[in-house]
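Asker: Below you'll find the structure I mean.
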Amino acid sequence: MSEVIVVTSGKGGVGKTTTAANIGTGLAMLGKKVAVVDTDIGLRNLDVVMGLENRIVYNLVDVIYGNCRLKQALIRDKRYNNLYLLPSAQTKDKTAVTPEQMVKLTEEMSNYFEYIILDCPAGIEQGFKNAIAGADRAIVVTTPEVSAIRDADRIIGLLEANDIAQIELIINRIRPDMIQKGDMMSVDDVIEILAVHLLGIIPDDQQIVIATNQGVPLSGRNSPAEQGYINICRRITGEEVPFLSFDTKKGIFRKMTELFRN
Amino acid sequence: MLFMARNGLTKRRSGSVARNRLKTVLLSERMDCSTDTMLMMKNDLIQAMDKYLPVDRAGIQIQFQQDPPMMLARIPILQEKDSRKDYVKTV
């Protein structure tokens, strides 16, 4: 059985591509046969996040136009031989592909992979419509900011209107210290506002920047964000995993020093 | 507690400001009804109630629920004899 999951957000810069790369890698670590597909035609990014930019020969548009076979365009990951990337085209634009062609492509890929992760472009235009066309399931990525949540709400509405049965939320870049001070919306606040099932939470973490710089997602740094992604992957496979808790309660010594500092 | 009192009680923290702003804007977007229209609707509701019963305007809460779609208005009514205890009518 195969599942096609689209990673989307509406707003740009909330961590869709990072999430797609980490979920792809995480599922591969769990032994699943996985393909990650960059559907952002004209703005290719997933390849650099995964560190596979030097291996691209053919791309998604080549496969759809019949310039090559699917297997020729798929790039095997450096570290996991059950993880593949289908890169996007850099020279074409979103109108090069139709939703029907994307459905055909994901159906063909379903024969070879257990999970197909589609990295969706920002926005709600053609690129979004293409990306969600073949998806069974959607992961909406947001951050605890008003702009990202507003766009996530809009995207959830559009996904529902397009009959995507399973819609789940990832809240990215959580800052427990700011939530504790009351200067950031909490996970519960966001869930209450969006009224959607929570798939996972990712704390704001410098290690993600470092891993992306190096092109090695989930590189075993044992950082909070990596743990968050691993938990998400286990939940995707149907396992029940408790959510990360941010126990920022301070010891008596810290409390005392803060009191004096204030 | 000292710093809580200094920061927390004097002004609302930005997290709850964000939450309330979002709730209002999403509500009007979901219902395809502008925030002005919603405010007018709220005022009309209060005026209609006020014709018959004294209404505690400060205590009015209007909520919208998504599934099933529903508008819930909590309009506390001031009681003349015992103004501390008020009935709540859900419309």
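Throughout, read-outs are computed from the coordinates displayed, never taken from laboratory work. None of these values were measured; they are calculated from a predicted model. As a convention, Cβ positions derive from the backbone with ideal geometry for all residues, glycine included, and neighbour counts pool all protein chains shown.
Asker: Suppose we look only past 30 Å in the calculated P(r) of the protein assembly as shown. What percent of the Cα-Cα pairs does that tail hold?
Answerer: Working: 29191 of 62128 pairs.
Of the Cα pairs, 47 percent sit more than 30 Å apart.
Asker: Along Cα→Cβ, 7 Å out, is where each label goes; now give me the distance between the ones at residue B:79 and residue A:147 in nm to one decimal.
Answerer: Those two pseudo-labels are separated by 5.1 nm.
Asker: Next question, about the same structure. For the pair residue A:136 and residue A:72, what calculated FRET efficiency results from E = 1/(1 + (r/R0)^6), where r is the Cβ-Cβ distance and R0 = 35 Å, to the nearest 0.05?
Answerer: 0.85
Asker: Multiplying the sequence separation of residue A:175 and residue A:57 by 0.36 nm and subtracting their Cα-Cα distance, what value in nm do you get?
Answerer: Using 0.36 nm per residue and subtracting the Cα-Cα distance, I get 38.5 nm.
Asker: If you don't mind, there's one more thing I want to ask. Local charge sum around residue A:165 (other residues, Cβ-Cβ under 14 Å, Lys/Arg +1, Asp/Glu -1)? Let's see the in-between values first.
Answerer: On the way: positive: A:137; negative: A:3, A:136, A:160, A:163, A:168.
Result for the neighbourhood of residue A:165: -4.
Asker: To make sure I understand, if each residue's beta carbon is the centre and we count other beta carbons within 10 Å, what order do A:9, A:186, A:245 fall in, fewest to most?
Answerer: Working: A:9 26, A:186 20, A:245 8.
Lowest to highest Cβ neighbour count: A:245, A:186, A:9.
Asker: Convert each backbone phi in the range A:213-220 into a coupling constant with the Karplus relation 6.51 cos²θ - 1.76 cosθ + 1.60 (shift: θ = phi - 60°), then list the ³J(HN,Hα) values in order as whole Hz, x for Gly and Pro.
Answerer: Running phi through 6.51 cos²θ - 1.76 cosθ + 1.60 with θ = phi - 60° gives 4, 8, x, 9, x, 6, 8, x Hz.
Asker: Can you give the FRET efficiency to the nearest 0.05 for residue B:41 and residue A:227, using r as the Cβ-Cβ distance and R₀ = 45 Å? It would help to have the intermediate numbers written out before the result.
Answerer: On the way: r = 47 Å, r/R0 = 1.03.
Efficiency at R0 = 45 Å is approximately 0.45.
Asker: On a 0 to 90° scale, report how tilted helix A:146-161 is relative to the longest principal axis of chain A, with both axes built from alpha carbons and the result rounded to the nearest 10.
Answerer: 40
Asker: Right, next: Run the helix sum for the protein assembly as shown: -39,500 (n - 2.57) per DSSP H stretch of 4+ residues, divided by residue count, reported at 222 nm to the nearest 500 deg cm²/dmol. Walk me through the numbers before you get to the answer.
Answerer: Values: 15 runs with 149 residues, N = 353.
For the protein assembly as shown, the value works out to -12500 deg cm²/dmol.
Asker: Using modelled amide H (1.01 Å from N, peptide plane; none on Pro or chain starts), what sits under 5 Å from the amide H of residue A:202, excluding residues fewer than 5 places away?
Answerer: A:171, A:172, A:173, A:174
Asker: Counting other Cβ atoms within 10 Å, keep those with at most 12, restrict to DSSP loop, and tell me which trypsin sites (Lys or Arg not before Pro) in the range A:59-91 are left.
Answerer: Working: sites: A:69, A:71, A:76, A:78, A:79; in loops: A:69, A:78, A:79.
Sites meeting the loop and neighbour criteria: A:69.
Asker: Can you compute 3J(HN,Hα) from phi for each residue in the range A:35-49, using the Karplus curve 6.51 cos²θ - 1.76 cosθ + 1.60 with θ = phi - 60°, rounded to whole Hz and x for Gly and Pro?
Answerer: Along the range A:35-49, the couplings run 10, 10, 10, 8, 9, 7, 6, x, 10, 5, 9, 4, 4, 6, 5 Hz.
Asker: So how do A:146-154, A:60-68 stack up, highest first, on mean other-Cβ count within 10 Å? The partial results should precede the final answer.
Answerer: Numbers: A:146-154: 21.0, A:60-68: 17.1.
Top of the packing list down: A:146-154, A:60-68.
Asker: Further question on the same structure: From the phi angles alone, apply the Karplus equation (6.51, -1.76, 1.60; θ = phi - 60°) to the range B:19-24 and give each ³J(HN,Hα) in whole Hz, x where the residue is Gly or Pro.
Answerer: 4, 5, 5, 4, 4, 5
Asker: Would you mind telling me which residue in A:184, A:109, A:50 has the biggest mean-square fluctuation in a Gaussian network model of chain A, where springs connect alpha carbons within a distance under 10 angstrom?
Answerer: Among A:184, A:109, A:50, the largest GNM mean-square fluctuation belongs to A:184.
Asker: To continue, here is another question. Subtracting the Cα-Cα distance from 0.36 nm times the residue separation, let me have the gained length for residue A:235 to residue A:183 in nm, one decimal. Before the final figure, lay out the partial values.
Answerer: Details: separation 52, 0.36 × 52 = 18.72 nm, distance 2.92 nm.
Computed gain between residue A:235 and residue A:183 is 15.8 nm.
Asker: For the pair residue A:195 and residue B:52, what calculated FRET efficiency results from E = 1/(1 + (r/R0)^6), where r is the Cβ-Cβ distance and R0 = 41 Å, to the nearest 0.05? Please report the intermediate quantities before stating the final value.
Answerer: Values: r = 35 Å, r/R0 = 0.84.
Plugging the Cβ-Cβ distance into 1/(1 + (r/R0)^6) gives 0.75.
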